[in-house]
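Each remark here refers to the structure printed beneath this line.
The values are calculated or read from the model by the stated rules, or taken from the named source; none is laboratory data. Keep in mind that what you see is a predicted model, and the values were worked out from it rather than measured. FYI the Cβ positions are ideal-geometry reconstructions off the backbone, even for glycines, and counts take in every protein chain you see.
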Amino acid sequence: MAKAKLKRHGFRLDMTPMVDVGFLLLTFFMLTAKFKTDNQSISIVLPVAEADTMKLPDLNIAVISIGLSTVNAGDTPDTLIYYGIANEKDRVPIYRKLNRVDPKSGQPLDEAALLKTEEILLKKSEMEEAIKATRLQNPAMRYAINADKGLSYGYVDDIMRSMQKYGATRFNLVTESR
């Protein structure tokens, strides 16, 4: 006679005690671990920059001069932005787009006056238009930023962002040689 096999019942392992032990170990390690709480200072040595002795080119350059006005010494100084184009042939079309007027008469400047004007005073809001007009007139124009040492970096950053917006990403920073 054939031997009858017993029906096999599944084996069940209760995981509850193992999970409890795992959480107890986790809690133990979390409570006994030491975290580093003291602030350690690090020493950072910044590089020293030497002034470049490269002379700015005489043609195809637009110089953006940013400085503090010394007219009202008692008040907080105003920030002035001058925009100058080296190429005489490019001055008239660029300055005309910026709607320059004669301060005495209030009339738009004629071509001869625009040609003689090496740099113009701009408001911060006019800077983007000046860069746009310059890039349209002469895409090969290079830029130089001449900023006062005591000036807030925000002004220079705004001008660099305006230049970047119109693809003028290469420029020189004018420095003083030692």
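Does at least one position in region 136-148 carry a residue that is under 15 Å from Ile64 (Cβ atoms), modelled with pLDDT of 85 or more and part of a helix (DSSP H, G or I)? The answer is no; no qualifying residue exists. Here region 53-106 is the region considered, the condition is being assigned to a loop (DSSP other than H, G, I, E, B) and charged (D, E, K, R), and the residue that is modelled with the lowest pLDDT is Asp75. In region 9-27, the residues that are touching a residue at least 24 places away in the same chain (Cβ under 8 Å) form no Cβ pair under 8 Å with any partner that is loosely packed, with under 10 Cβ neighbours inside 10 Å, whether six or more places apart or across chains.
The residues on offer are Ile159, Ile85, and the sole one that is touching a Lys or Arg at 6+ places or on another chain (Cβ under 6 Å), surrounded by 11 or more Cβ atoms within 10 Å (Cβ to Cβ) and under 17 Å from Phe171 (Cβ atoms) is Ile85.
In region 120-135, of all residues being surrounded by 15 or more Cβ atoms within 10 Å (Cβ to Cβ) and assigned to a strand (DSSP E or B), the one that is nearest to the chain's Cα centre (by Cα) corresponds to Leu122.
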